[in-house]
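Accompanying notes for the structure given below.
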Amino acid sequence: MIIRESEGLRYFQFESLAAENVTQAIFTRQGGISPRPWDSLNLGSTVGDDLDRVTGNKHKILQSIGFSESRLAQIHQVHSARVIKIEEPVVDKSTLIPGDAMITDITDLLMLMRFADCVPIYIYDPVNHAAALAHAGWKGTVQGVARETVRALVREYGSNPKDLLAGIGPSIGPDHYQIGDDVIQEVKNAYRDTWSQVLSYNHDGVKFNLWQANEIALGCAGVENIEIAGICTACDTGNWFSHRAEKGNTGRFAAVLALT
């Protein structure tokens, strides 16, 4: 991935999308105004941080990439596979629709989602100029949010999966995401023929590879061009919020995507 800085904030971009007509950024936790344990660029409004600080952090992010809040689109993330078609800004939190993926073909509409171990999934259709941003924790992954997002792009905008460019962003890595028996069974049910590629068994227990699981899901949906950041949030809590590594006492980092 490419590392950039603007207005004192550091963010990552997918190399495969760098030359495309999109604004894309996955912000580190650095450069904000929140104190510990949310230090410092926290976008999570439900984790105990002061809401004025969260709003201030959001404004810093928008300023750094040249967007106004009036062009912001958000949804209420609920660990699902529900895909929401976005056609206008959604700023008022009282009107947020539950879901875990957004798709749009509207220019200069900034999709924003929040993360702290779950997988940010970026998808861009350069032929039909449409885009998607998805949030995939273990529940969304086994429910097929990556697959459903591709299907929504095909259904709504006529996308050909072979044309799509996809990116799997920073999240908890396969060496740190230990799961219990209930999740193991759900993974096996969802990945009947490929579960051995996404589960690893060792003396520490069983670990789930969210990167590989979502890559498989995208591939099964017909996507061929997939970039994986390979950045583990639990390995680097200096740059990323990690719900697992910080035992839930942490913030949320921002991922944004817009057609330009």
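General observations
- Note on region 66-89: among residues that are of a type in the set (D, E, K, R) and touching a helix residue (DSSP H, G or I) at 6+ places or on another chain (Cβ under 8 Å), the one that is nearest to Arg147 (Cα to Cα) is Arg82.
- Counting only strands (runs of 3 or more DSSP E) wholly contained in region 107-180, the ones carrying 2 or more residues that are at pLDDT 95 or above and closer than 22 Å to Leu199 by Cβ occupy 119-125, 130-136.
- Subset tally (residues that are assigned to a loop (DSSP other than H, G, I, E, B), in contact with a Leu (Cβ under 7 Å, 6 or more places away or on another chain), of a type outside the set (A, V, I, L, M) and closer than 16 Å to Met113 by Cα) for region 29-61: 2
- For region 226-258, a residue qualifies if it is farther than 24 Å from Ser45 by Cβ and surrounded by 16 or more Cβ atoms within 10 Å (Cβ to Cβ), and the qualifying residues are Ile226, Glu227, Ile228, Ala229, Ile231, Cys232, Cys235.
- Test for Ser80: is it surrounded by fewer than 21 Cβ atoms within 10 Å (Cβ to Cβ) and either within 16 Å of the chain's Cα centre (by Cα) or touching a residue at least 12 places away in the same chain (Cβ under 8 Å) (or both): yes
- Selection status of Pro174, touching a strand residue (DSSP E or B) at 6+ places or on another chain (Cβ under 7 Å) and under 30 Å from Ser70 (Cβ atoms): no
- Scanning region 239-260 for residues that are in contact (Cβ under 8 Å) with a residue 24 or more places away in the chain and in a loop (DSSP other than H, G, I, E, B) yields a total of 13.
- If you go through region 11-22 and keep only what is of a type outside the set (Val, Ile, Thr), touching a residue at least 60 places away in the same chain (Cβ under 8 Å) and outside any helix (DSSP H, G or I), you end up with Phe12, Phe14, Glu20, Asn21.
- Of Ile179, Ile216, Ile184, all but one fail to be out of contact with any Ser or Thr (no Cβ under 7 Å at 6 or more places or on another chain), β-branched (Val, Ile, Thr) and closer than 28 Å to Thr28 by Cβ; the exception is Ile179.
- When the test is whether a residue is surrounded by fewer than 20 Cβ atoms within 10 Å (Cβ to Cβ) and over 19 Å from Ala136 (Cα atoms), Arg4 passes it.
- Residues located in region 7-31, provided they are buried (at least 19 other Cβ atoms within 10 Å of the Cβ) and farther than 15 Å from Ile65 by Cα: Phe14, Leu17, Arg29
- Complete set of residues in region 62-88 that are closer than 15 Å to Met113 by Cβ and either at pLDDT below 95 or part of a helix (DSSP H, G or I) (or both): Leu62, Ile65
- Boolean, Val183 is outside any strand (DSSP E or B), among the β-branched types (Val, Ile, Thr), out of contact with any His (no Cβ under 7 Å at 6 or more places or on another chain) and without any contact (Cβ under 8 Å) to a residue 12 or more places away in the chain: no
- Qualifying positions in region 43-59 - in contact (Cβ under 8 Å) with a residue 24 or more places away in the chain, of a type outside the set (Val, Ile, Thr) and either more than 15 Å from Arg10 (Cβ to Cβ) or surrounded by fewer than 19 Cβ atoms within 10 Å (Cβ to Cβ) (or both): Gly44, Ser45, Asp49, Gly56, Lys58
- Residues being part of a helix (DSSP H, G or I) and touching a strand residue (DSSP E or B) at 6+ places or on another chain (Cβ under 9 Å) - total across region 199-222: 9
The values are calculated or read from the model by the stated rules, or taken from the named source; none is laboratory data. Bear in mind that the values here come from a model prediction, so they are computed numbers and not experimental data. Reconstructed Cβ throughout: ideal geometry from the backbone, glycine too, with neighbour counts over all protein chains shown.
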